[in-house]
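Since every read-out is calculated from the coordinates, none of them should be taken as a lab result. Keep in mind that this is a model prediction, so the values were computed, not measured. Using ideal geometry, Cβ is built from the backbone for each residue, glycine included, and neighbour counts are taken over all protein chains shown.
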Amino acid sequence: MDLPLVQVIKNNITVELDYIHPQEQEVVRTLLNVVIVEGKTYPQRQPLSQAEFSTYWLSKDAFVVRTSGKDTTHKPKEILGAFYLKPNFPGQCCHICNAGFIVQPELRGQGIGRFMGEAMLLIAADLGYEAVMFNLVFETNIPSITLWQSLGFEIIGRIPRAAKLGDEQVVDALMMYRPLG
């Protein structure tokens, strides 16, 4: 698959999806840590160090959505969202991948997540994966559940009381799955 992929999102900004560049890693780590501190979607309790981020996010393939050159003639390209893609299981089950997504809080609802989700499905198939599985989608994360179901994911399981959120709310987590191809 040829990257970058270019698309115009809802707020009329042209964006590009591409592999993460080394100089973008710290921006993505900072964004992930913002999402972790929000305490609503990721299992981690504390922000990740550079080494922890590298192990978690950069272990296989990592991508960003950034403003396109057309919109950034005199300023650096801004990271709007990011995702990783890696085998969900080792060995004989490594044909099933897992992915994790983050979007800048002020840009949620602008189509960045859908753009990344649609692209991830194409990239995953191109990389030879046969299915995508999400292990822990908190039942309170309605935007993600709605997005994934609209992209053909099925809920294949429920983990009772899987997450103890920052406000002491205990929620179930859903396992979601979609074959590719």
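Placing pseudo-labels 7 Å out from each Cα toward the beta carbon at Ile156 and Lys10 gives an inter-label distance of 3.0 nm. By the rule of a C-alpha distance below 15 Å, with chain neighbours fewer than 8 residues away ignored, the aspartates and glutamates paired with Lys77 are Glu16, Asp18, Glu24, Glu26. For the chain, adding -39500 (n - 2.57) for each run of n ≥ 4 DSSP H residues and dividing by the number of residues yields -8000 deg cm²/dmol at 222 nm. The label point for Gln46 and the one for Gln92, both projected 7 Å from the Cα toward the Cβ, are 3.8 nm apart.
Leu58: net charge of surrounding residues, Cβ under 14 Å, Lys/Arg +1, Asp/Glu -1, itself excluded?
Around Leu58, the surrounding residues sum to -1.
What is the range 107-150 by shape, rounded, prolate or oblate, if you read a ≥ b ≥ c off the alpha carbon gyration tensor as root eigenvalues and call it rounded for a/c under 1.5, prolate for a/b larger than b/c, and oblate otherwise? Oblate shape, in that a/c is at least 1.5 and b/c is the bigger or equal ratio. When the square roots of the Cα gyration tensor eigenvalues are ordered a ≥ b ≥ c, the ratio a/c for the range 28-155 is under 1.5, which makes its shape rounded.
When +1 charges are put on Lys and Arg Cβ atoms and -1 charges on Asp and Glu Cβ atoms, the dipole computed for the chain relative to its Cα centre reaches about 180 debye.
Taking label positions 7 Å along the Cα-Cβ direction at both Tyr56 and Asp2, the computed distance is 3.6 nm, reported to one decimal.
Using a cut-off of under 16 Å, list every residue of the range 37-71 whose amide N is near the label point 7 Å from the Cα of Asp126 along the Cα-to-beta-carbon line. Correct set: 61-66. Distance between the C-alpha centers of the range 1-53 and the range 156-170? Whole Å please. Here the two parts' Cα centres lie 24 Å apart. Using a 7 Å offset from Cα along Cα-Cβ at Lys164, what residues in the range 12-54 end up with backbone N under 16 Å from the label point? Hits in the range 12-54 for Lys164 at 16 Å: 39-40, 43-46. When you filter the trypsin sites (Lys or Arg not before Pro) in the range 10-41 for DSSP loop state and at most 13 other Cβ atoms inside 10 Å of their Cβ, you are left with Lys10.
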